[in-house]
1. How big is the charge dipole of segment 97-170 about its Cα centre, in debye rounded to the nearest 20, if each Lys and Arg gets +1 on its Cβ and each Asp and Glu gets -1 on its Cβ?
2. Compute the FRET efficiency between A160 and T113 as 1/(1 + (r/R0)^6), taking r as their Cβ-Cβ distance and R0 = 25 Å, and round to the nearest 0.05.
3. Please order H200, H18 by the number of other Cβ within 10 Å, starting at the fewest.
4. Roughly how tilted is helix 198-213, in degrees to the nearest 10 and between 0 and 90, from the longest Cα axis of the chain?
5. Over 31 Å between Cα atoms: which of K48/K147; K112/K148; K23/K71 fall into that group?
6. With angles folded into 0 to 90 degrees, how steeply does helix 15-32 sit against the dominant principal axis of the chain? Use alpha carbons for both and round to 10.
7. Once label points are set 7 Å from the Cα along Cα→Cβ at both K84 and K48, what is their separation, rounded to one decimal in nm?
8. Between L72 and R171, what FRET efficiency comes out of the Förster formula 1/(1 + (r/R0)^6) with R0 = 30 Å and r the beta carbon distance, rounded to 0.05?
Amino acid sequence: MKTMRIGVLALQGDVEEHLAMLKKCGATAARNVGRGGSTEEVEAVRVKHVKDVEAVDALIIPGGESTTIAKLMWASGIAEEVKKRAGEGMPVWGTCAGLVLLAKKGDEQVKKTGQKLLELMDFEVGRNAFGRQKESFEAELDVGGIKKFPAVFIRAPAIAKVWGDCKVLARFDGKIVAAEQGNFLATAFHPELSEDARVHEYFLGKIGRQEKKR
Ligand code: GLN
């Protein structure tokens, strides 16, 4: 049986929740073996060093504080390695602060803090886009083909605009809150904080699709 090794960037933020959700996906994959479903095992690993990036099939950048995660990514050399692997086709998914880091462009708030971005997806991001009165909330959203997903938002960013090959997957309050571009996925909300593994399953599907293209 083939193993998909999924890394969760473990420098700061909600790492454990993503690892737990990936374990849940692994259990589903294992149950589906022999029932015509996926025959791959899912291994969830923490990514803390450059060598860890080299060893994974896909990477999740979690929510947290994007300025802190950015500092640590560039100080450790992980940022360059992620950009290199992403350029070679590795699927990367950013949730919340992770979405901020995937952006090609940032708003005034991003520019003010001077934080670096990975610049992997064709969109402009606005940090803390839902204001103080809406710091944390839950909404049921259609995310591409995934219907009625319980989306948890915590001081969430939003995508101000997309261009090029970047596709909008979900909107809330007129704002873009999920997007996809080739191997890359970005969600302003936190699927790892719900009980619903469908967005994680969708991301894992990118690994299969990418292999078929080769
Ligand atoms: N507002 C935070 C930032 O821009 C993200 C919040 C989160 O990841 N929950 O870093």
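No value in this document is a laboratory result; all are computed from the given coordinates. None of the values given here were measured: they were computed from a predicted structure. Cβ placement follows ideal geometry from the backbone for every residue including glycine, while neighbour counts extend to all protein chains displayed.
1. With only Lys, Arg, Asp and Glu charged at Cβ, the dipole is about 200 debye.
2. Computed FRET efficiency for A160 and T113 comes out at 0.90.
3. Ordered by Cβ neighbours within 10 Å, fewest first: H200, H18.
4. It is inclined by approximately 70 degrees.
5. Result: K48/K147; K112/K148 exceed 31 Å.
6. 30 degrees
7. Here the modelled spin labels are 2.2 nm apart.
8. It comes to 0.45.
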